[in-house]
Each structure stands twice: as structure tokens, then as C-alpha cells.
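See structure below.
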Amino acid sequence: MSEHIAIIGPGRMGLALGTALSHARALEQLVYFGRSAEPPPHPLFDGAAEHVSYRSGLGPLPEGITALILAVPDDVLHEVAMETARAGYAPPNCVAFHLSGALSTDVLAPLHGAGYSVGSIHPLQTVADPWSGADRLIGCAYALAGEPAALAVGRHIVSALGGLTLVVPPTLRPVYHAAAVFASNYVVAAASVVARTLAEAGISEQDAIAAVIPLMRGTIDNVGELGFGAALTGPVARGDADTVRLHLSRLSSRERTLYSALGRETLRLARAAGLDPARADEIESLLDG
């Protein structure tokens, strides 16, 4: 079964998701609704894809639409849901999703009142570019929540994209989304700290990025292949208190605080992996300052 999908919001995620679904041949019809009179520049709208169309403003959904996706920022979700509900009653058996990782389906209450079964489908992936982002959405994990009819359509969409379904209860969405922030946003922040610290060692930002990205990729690959404990390397994992002491003595106050906080979490993993307790205690004392 192929879906007939309408997406409100032709931004980065909306365009990437529509492109991914189109490439996966998971839909027969794809309609975008946007604020601008013309669609944004994107290959989806170059005329080659006959099943894709664009409409300015919000109006009644075309006949046959089976899923409506609100691909808009969290802070305007309720407003867009209300505006969409005022535009007309839901097509028969149509479900509505938002793409927020943190919010429950309560924000879609106006659409539920307009006859939609409501749910949420959050891609556990970073999409920074509407052109290349589609490739990242093939095979990634998706957190689903909502009413049974919405969950069924959501599972079909995830399956068509070759993804992994994660069913997250509404009350635990903020915890799930915080984990996603650790996995993505804080990795960028950590890479920025690496570049800043290497700059203190006389290395340019361009060279720092070129040098560190392979290291970070290799680390992630090791976690996937070996698990957390076996993938852990470095002075804390070895119980090398002298090196940790040397690091702490040379880092700036800002970097030392972050190094110690992450070091304590690293030490927890190292203890679980069998680090000698006496060595672990010595490092813990250093990290606690």
C-alpha cells in the first residue's frame, strides 16, 4: 500500500522526509503546503516528479490524502494545528502527525477534534540540509506515538523507509528527546571544544576538523561493533592517573570543568569494564578536584 501524504512546512525536515518517501516509492501523492506563493528551490519541484505538488497557504486537503504531516517548529505546532482544523474536516481515515521529538500528541488536539487520528513520528537523525538530508532518513530510527490508526500508518511509513520503530510513551518523550540531544547536538558541541582546545596547541580550526572527524567516526564505529566498554580507550580506561593529572593542570578553567564532568562518566564505564578500583579511586579524586 502506498500513502497519499500532505506535508505542511517545506523546510529542511519536511523536504528531506518527502524526498526520502519519494525515493522509497512509498507514496502515490505528495502535496506540500507552504506560506510562500512559490515552492522553495528543490529537486522535488523541478517538474520531473508528477506525483508532487505545492500549494500556497492552508486549505482543505486534496481528496484521498491518508496522512497529514506537520513539519513545522515546535513553538507553532498548536497554532498550525488549529489553522489546519479550521480549514476543513479530515478526509476519510486520514491520520495526522507532528515530527517533534519532545512533545506529546496533545498539541494536535484541534486536529483530533476535526476528525483526524493523531500521532507523532520523530526521525532520530540530524537533517541540516534539505537536499542531502533524505539519504540520512533511510534506515534511521523513528520514535512513534499516538492513536492506533496513526501508529499503524506510522509503522508503514517507517517500514517503507527501512527504519527502526521506537514506540515511546507520551510522558517519556522529553527523556527520549534529551537523549537525542546528547547523541547529536552535544557531539557538535564536543567537536567545537576539541577544535578550541587544539587551537591552544597551535592547530588551525581547518586542520583540527580534518584531523578529528576520522577519530570521532572511528570511535562511533567501535561502539557499534564492540559496545561501550570495549570501545572505551584513553587514560581513564587505562587507569593512567598521571596523564589525567597532566591534562587537568594544563587545561583552561572552562575546558577543565567539562573534561572532569565527562571524565566522571567515562570512569563509570571504566569501572564497569573492570578498571582496578585503586586506580579508579585515584582518578576520581583528580576529577573531583
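Here are the numbers for the structure shown:
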{"read-out": "Number of positions in the stretch 247-289 that are under 27 Å from ALA199 (Cβ atoms) and either touching a Lys or Arg at 6+ places or on another chain (Cβ under 7 Å) or of a type in the set (Phe, Trp, Tyr) (or both)", "value": "4"}
{"read-out": "Residues of the stretch 51-74 classified as in contact with a Leu (Cβ under 7 Å, 6 or more places away or on another chain) and either of a type in the set (Ser, Thr, Tyr) or assigned to a loop (DSSP other than H, G, I, E, B) (or both), total", "value": "3"}
{"read-out": "Unmet requirement for VAL31, which otherwise passes all of (1) assigned to a loop (DSSP other than H, G, I, E, B); (2) in contact with a Ser or Thr (Cβ under 9 Å, 6 or more places away or on another chain)", "value": "(1)"}
{"read-out": "Restricting the stretch 184-230 to residues that are of a type in the set (D, E, K, R) and over 21 Å from the mean Cα position of the chain (by Cα), the residue that is surrounded by the fewest Cβ atoms within 10 Å (Cβ to Cβ)", "value": "GLU225"}
{"read-out": "Index of the failed condition, VAL80 passing every other in (1) closer than 24 Å to THR165 by Cβ; (2) surrounded by 20 or more Cβ atoms within 10 Å (Cβ to Cβ); (3) out of contact with any Asp or Glu (no Cβ under 6 Å at 6 or more places or on another chain)", "value": "(1)"}
{"read-out": "Test: residue in the stretch 105-125 that is touching a His at 6+ places or on another chain (Cβ under 7 Å), farther than 22 Å from LEU161 by Cβ, of a type outside the set (Asp, Glu) and in the same structural domain as GLY14 (by TED's automatic domain parsing)", "value": "yes"}
{"read-out": "Where a residue in the stretch 55-66 is in the same structural domain as ALA96 (by TED's automatic domain parsing) and closer than 19 Å to GLU79 by Cβ and its partner, wherever it lies, is of a type in the set (Ser, Thr, Tyr) and at pLDDT below 90, with Cβ under 9 Å and at least six apart", "value": "none"}
{"read-out": "Residue in the stretch 34-43 that is without any contact (Cβ under 8 Å) to a residue 40 or more places away in the chain and in contact with a Gly (Cβ under 8 Å, 6 or more places away or on another chain) present", "value": "yes"}
{"read-out": "THR19 in contact (Cβ under 8 Å) with a residue 12 or more places away in the chain and farther than 19 Å from TYR116 by Cα", "value": "yes"}
{"read-out": "Residue match in the stretch 27-37 (condition: among the aromatic types (Phe, Trp, Tyr) and modelled with pLDDT of 95 or more)", "value": "yes"}
{"read-out": "Given (1) in contact with a Ser or Thr (Cβ under 7 Å, 6 or more places away or on another chain); (2) within 22 Å of HIS4 (Cβ to Cβ), index of the condition ALA145 fails", "value": "(2)"}
{"read-out": "Residue in the stretch 236-259 that is surrounded by 12 or more Cβ atoms within 10 Å (Cβ to Cβ) and under 26 Å from the mean Cα position of the chain (by Cα) present", "value": "yes"}
{"read-out": "Residue match in the stretch 53-66 (condition: among the β-branched types (Val, Ile, Thr), under 24 Å from SER117 (Cβ atoms), crowded, with 17+ Cβ neighbours inside 10 Å and modelled with pLDDT of 90 or more)", "value": "yes"}
{"read-out": "Complete set of residues in the stretch 110-150 that are surrounded by fewer than 23 Cβ atoms within 10 Å (Cβ to Cβ) and β-branched (Val, Ile, Thr)", "value": "THR126, VAL127, ILE138"}
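The values are calculated or read from the model by the stated rules, or taken from the named source; none is laboratory data. Bear in mind the structure is a predicted one, so any value in this text is a computation, not a measurement. As a convention, Cβ positions derive from the backbone with ideal geometry for all residues, glycine included, and neighbour counts pool all protein chains shown.
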